[in-house]
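Before any comments, here is the structure.
The values are calculated or read from the model by the stated rules, or taken from the named source; none is laboratory data. The model shown is predicted, which means the values in this text are computed figures rather than measured ones. Here Cβ is always computed from backbone atoms with ideal geometry, including for glycine, and neighbour counts include all displayed protein chains. Keep in mind that these areas ignore ligands, DNA and RNA; they rest on the heavy atoms of the full protein, side chains included. Shrake-Rupley method; radii C 1.70, N 1.55, O 1.52, S 1.80 Å.
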Amino acid sequence: MAVSVKLHRAAILNPRGPSSWDYWMDGVCAVRDGLVVACGSAATVLAEFPGADLVEHEGVLMPGFTDLHCHWVQHAVRGAYSGELLQWLQEYIWPEEGRFADEELARKRARTFYSDMLSAGTVMGLSFSSVHRAATEIALQEMRGDWVIGNALMAVNAPAYLTSHSQHAPEEMSALLASVVTEHYAVTPRFAPNMRMQDLQVAGKIARAQNLLVQTHLAESRAEVRWVRELFPAAESYTDVYDQAGLLGERSVLAHCIEMTDAEWACLADRGAWVAHCPSSNEALGNARMPLETLRRYNIPWALGSDIGAGPSHSMLHVLQRFFSIHGSAGVEVSAAEGLYRATFAGAMAMGRAARAGNLLPGKRADFVLMPGKPKPTDLDGWFRDLCQGEAEELETRPQETWLAGMRVN
Ligand SMILES: [Zn+2]
């Protein structure tokens, strides 16, 4: 029996590239077997599928968001604490993550995390777990949407209740890899200060051998950069520490990248590594503005992330609000079209999902959200910026509906 086509009629906004999007005020997205088969003006798509099932929506249909950097184990305490990065980690975040040794707590928290993400319109992302193997496996079992998750590797310079659970030894990493779907797993050194060079090299070797995604933090604060310099005196820079370990490549995602030298930017550009830019987190912890203009000058690929729990909200609308505000007030131009692209398709590209997710082109997974409004084409830029205005809590439930592979999930 042929699988039937379902037609979704609404205003449709579809990101195409770093500064371009398509908009149909009366559009139709045709879905078959969980995939988009056509997307365009209602007149065109309706003619292509006469007699197919039609659902009319009030609002703007757009692809679901991708969160390129977050910590699912910090979701419950998002925005609860702030302070200088290293102190914030040691005083609040590490004790909180230590609690994920409790598998019952981990399962409960994982369910809430995915449910809240779907309410906020986030359908995929890249996330840190705690150090615990079981909590990481639970997050992968409970997954709703398309996520890549890795247990934080923390070999040194942290309390024993974390380092003793870390799976950084080669045989531990191999055992864990055998129990997960590698497409949904990332090698995840927490950051250079929690690893010795030999641990980082093991991580780099395993990631390269299995072509896995790598995620870590880089140059978020000045104190952190100073600490790395003390810990790795032989390295030329913080970035060089990861480079020496073979951790930088097109499958690597570095969160933050604020306190960087030109040589470090050049290294990232040369390796083809991605930057996860987390403006709301940087603002909340009092770090400097990520120099977007420099990132652009070096043509480094990047996408947006919430970085919960330093980021106060998992809502990508809230991340976009802070993104527009922070760079805008520094005189750096950011278009609404770029914002949407960096919160959707760019993140999907970084995750290796460019061919099957991130926007509504034919062949992509039908992961979409419905937002309130029906702007005229000439009002689109302003409408999108307005959509991102409001309190974090309100933005977390602003999407009216969320759909995964053509099925309504919220
Ligand atoms: Zn982070």
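Observations on the model:
- If the condition is being charged (D, E, K, R) and either touching a residue at least 40 places away in the same chain (Cβ under 8 Å) or within 27 Å of H318 (Cβ to Cβ) (or both), then segment 257-278 contributes E259, E264.
- Residue that is touching a residue at least 12 places away in the same chain (Cβ under 8 Å), open to solvent by less than 10 Å² (accessible area, probe 1.4 Å) and either assigned to a helix (DSSP H, G or I) or farther than 23 Å from N194 by Cβ (or both), where the choices are M143, M124: M124
- Set E56, E84: member being in contact (Cβ under 8 Å) with a residue 40 or more places away in the chain and either not assigned by TED's automatic domain parsing to the domain that holds K108 or not charged (D, E, K, R) (or both): E56
- All helices (runs of 4 or more DSSP H) inside segment 337-410 with 1 or more residues being open to solvent by 10 Å² or more (accessible area, probe 1.4 Å) and closer than 22 Å to F113 by Cβ: 392-395
- Filter result for G328 (open to solvent by 20 Å² or more (accessible area, probe 1.4 Å) and part of a helix (DSSP H, G or I)): yes
- Counting the residues of segment 335-389 that are under 13 Å from N14 (Cβ atoms) and among the β-branched types (V, I, T) gives 2.
- Only residues that are open to solvent by less than 10 Å² (accessible area, probe 1.4 Å) and under 23 Å from the mean Cα position of the chain (by Cα) were counted in segment 194-211, giving 5.
- Taking residues in segment 296-311 that are touching a residue at least 12 places away in the same chain (Cβ under 8 Å) and among the β-branched types (V, I, T), and partners anywhere that are away from the ligand (no atom under 15 Å from the Cβ) and open to solvent by 10 Å² or more (accessible area, probe 1.4 Å), the pairs with Cβ atoms closer than 6 Å and at least 6 places apart or on different chains are I300/A269.
- Residue that is nearest to T239 (Cα to Cα) [pool: residues in segment 265-277 that are open to solvent by 10 Å² or more (accessible area, probe 1.4 Å) and in contact with a helix residue (DSSP H, G or I) (Cβ under 8 Å, 6 or more places away or on another chain)]: C267
- Boolean, S179 is open to solvent by 30 Å² or more (accessible area, probe 1.4 Å) and in contact (Cβ under 8 Å) with a residue 40 or more places away in the chain: yes
- From S252, S281, S315, residue being closer than 30 Å to L118 by Cβ, away from the ligand (no atom under 15 Å from the Cβ), in contact (Cβ under 8 Å) with a residue 24 or more places away in the chain and under 16 Å from the mean Cα position of the chain (by Cα): S315
- Test for G246: is it away from the ligand (no atom under 15 Å from the Cβ), out of contact with any Asp or Glu (no Cβ under 8 Å at 6 or more places or on another chain), open to solvent by less than 10 Å² (accessible area, probe 1.4 Å) and within 21 Å of P301 (Cβ to Cβ): no
- Each residue in segment 150-170 was checked for being closer than 16 Å to E103 by Cβ and surrounded by 24 or more Cβ atoms within 10 Å (Cβ to Cβ), and 1 of them qualify.
- Unique match (being within 16 Å of the ligand (Cβ to nearest atom) and open to solvent by 20 Å² or more (accessible area, probe 1.4 Å)) among R322, R297: R322
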